[in-house]
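This report refers to the structure that appears directly beneath it.
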Amino acid sequence: MAIPLLFGPYGVPTSDGVDQFATYGANAVWFHGFNSQAFEACEASHIAACVEFRTFRADFSKHPELMPTGVDGLPIRYERLVQGVCLSQRPFLEEIEATLLDGLRSFRPAGIWFDYLTYGGWFETPNPDLQQSCFCPKCIAEFNEATGIDAATPAEILGTYLDAWTQHKCERVAKYAARYAALVRTHLPECIVGAYMCPWTPGEYDGALRRIFAQDYALLAPAIDVFTPLIYAKKSGRTSTWGRELLDQMNSYVPWESRTGVRRSQRGRRLLGRMDSFVPLQSRTGVRRSQGGRRLLDRKDSSVRQRSKVQLILDVLDFPDSLIATSEAATPSWGLQMFGGAQVFEDPEAAGIFRSAIDRIRQAAASQHASA
Ligand SMILES: [Zn+2]
C-alpha cells in the first residue's frame with residue numbers, strides 16, 4: 001500500500017473550515033475519535049478523514065484502578081496530565097478494542113493514529129517526571145511468566161533485570177499495537193495505521209523512550225505504517241528547529257518497512273501474524289522471543305527498499321517558525337499534522353505560509369523518491 005502525503009490540521013473541523021483547508025493545500029484532517037460530524041465535513045470537501053484513537057489513557061479520578069503502580073507500591077505521581085494505564089486491567093483493554101471495532105464498522109477513515117500507546121508518564125514538558133511502572137502484582141507476575149525470571153519486588157527487577165524488564169514492557173506495548181493494527185487491516189485494508197510517538201531519540205533521558213515509555217520502533221514497525229512524533233516545541237522547552245533536527249536523526253533508528261507493494265503487503269501480514277507467536281498475550285519465554293523478534297526484523301530489513309514513514313505533528317503554538325524549519329529538513333516529513341492548526345487557515349497570510357511550507361516538503365519528498 002502506497003502511503004500518501006497527507007497534510008492538515010488536528011482538531012474537529014467545521015464545514016466552512018474544511019473548505020478553507022483545501023484552498024491552502026491541506027488534504028487531510030486529524031480529529032479525536034470516530035466523530036460523525038467530522039467525517040461528514042471531510043466527506044463534503046473531499047478531505048481525508050483521519051482518526052486519533054485513544055488507547056492507554058483514562059480519567060484516573062473515575063478509574064483509579066487503572067493507575068500504574070510505581071516502585072514504592074503506590075500509584076505513580078502525576079500533576080495535571082498523564083498517560084499510560086496498568087496493562088493488566090482486562091476490562092479496560094476489552095473496552096478499547098470494542099470501541100475500535102465499533103468505529104471500524106461504522107466509518108471509513110483514511111487513517112487511524114493510535115495515541116498514548118505507552119507506559120505511564122508525560123513527555124510534553126521540559127521537566128518530565130520519569131517513573132518506572134507498573135509494579136502491581138499482576139504486572140510483576142506477567143513479567144516473571146514471560147521471561148522465566150522469578151523476581152518479587154520492583155527493587156529486584158530494576159536492580160537485577162532492568163534490560164529484561166525494558167524489553168518486556170516494549171513487547172507488551174508492541175503486542176497491543178499489532179492487535180489493533182490487525183483489527184484495522186482486517187476491516188479496512190486501505191486504512192493507514194499511524195502511531196503518535198514520544199519524540200525523544202533512543203539516547204535521550206537515559207533511554208527513556210524504551211525504558212520508561214516502552215516505545216520500540218523496531219518492535220512497532222510491523223504494525224505501524226506512519227510514526228508521528230509529537231513536536232510540541234514550546235510545551236517541551238525546545239527550539240523551533242527541533243522537528244527538522246529530529247527528522248534528520250531518525251534515519252538512524254527508524255527501521256525499514258515492508259508493506260510497500262502487494263507482495264510486500266502479504267509479507268507484512270505474515271510478519272504480523274508471526275509476531276503473535278513471539279508477543280502473545282501469555283508470553284512465556286520473553287527473552288528468547290525477543291531475540292526471535294529481532295531476527296524476524298533483520299530478515300525484513302534485507303528484503304525491503306523503503307523506510308517506515310515519519311510524519312511529524314507540530315503545534316500551532318510554534319507556528320510558523322517550527323513549520324518553516326521542518327520544511328527545510330533534508331529528510332522530509334511524510335506529510336504533516338498541526339495540532340490546533342485550523343486557526344492558521346482563518347488568516348490568509350498565515351495560510352499562505354502553510355501552503356509554501358508544504359509545497360517545499362512535497363518537492364523534497366518527490367525528489368527523494370525520484371533518487372531512490
Ligand atoms: Zn499493573
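I'd like to check something: does the stretch 124-132 contain any residue that is within 15 Å of the ligand (Cβ to nearest atom), over 18 Å from the mean Cα position of the chain (by Cα) and at pLDDT 95 or above? Yes, the stretch 124-132 contains a residue that is within 15 Å of the ligand (Cβ to nearest atom), over 18 Å from the mean Cα position of the chain (by Cα) and at pLDDT 95 or above.
Would you mind stating whether Leu66 is of a type outside the set (Phe, Trp, Tyr) and within 13 Å of the ligand (Cβ to nearest atom)? Even if it seems obvious, please write down each step before you answer.
On the way: of a type outside the set (Phe, Trp, Tyr): yes; within 13 Å of the ligand (Cβ to nearest atom): yes.
When the stated conditions are applied, Leu66 passes them.
Restricting to the stretch 133-158, name every residue that is under 17 Å from Ala214 (Cα atoms), among the aliphatic types (A, V, I, L, M) and within 14 Å of the ligand (Cβ to nearest atom). Scanning the stretch 133-158 gives Ile140, Ala146, Ile157. Put simply, of Asp59, Asp19 the only residue that is away from the ligand (no atom under 16 Å from the Cβ), in contact with a Ser or Thr (Cβ under 7 Å, 6 or more places away or on another chain) and more than 19 Å from Ala177 (Cα to Cα) is Asp19. If only residues of the stretch 170-217 that are surrounded by fewer than 21 Cβ atoms within 10 Å (Cβ to Cβ) and of a type in the set (Val, Ile, Thr) are counted, the one that is nearest to Arg54 (Cα to Cα) is Thr186.
Checked against (1) out of contact with any strand residue (DSSP E or B) (no Cβ under 7 Å at 6 or more places or on another chain); (2) closer than 26 Å to Ala221 by Cα; (3) surrounded by 18 or more Cβ atoms within 10 Å (Cβ to Cβ), Ala357 meets all criteria but (2).
Note on the stretch 101-123: residues that are within 16 Å of the ligand (Cβ to nearest atom), out of contact with any helix residue (DSSP H, G or I) (no Cβ under 7 Å at 6 or more places or on another chain) and among the polar types (S, T, N, Q) total 0. Residue count for the stretch 149-169, restricted to those that are touching a helix residue (DSSP H, G or I) at 6+ places or on another chain (Cβ under 7 Å) and surrounded by fewer than 13 Cβ atoms within 10 Å (Cβ to Cβ): 1.
The values are calculated or read from the model by the stated rules, or taken from the named source; none is laboratory data. These numbers come from a predicted model, not from an experiment. FYI the Cβ positions are ideal-geometry reconstructions off the backbone, even for glycines, and counts take in every protein chain you see.
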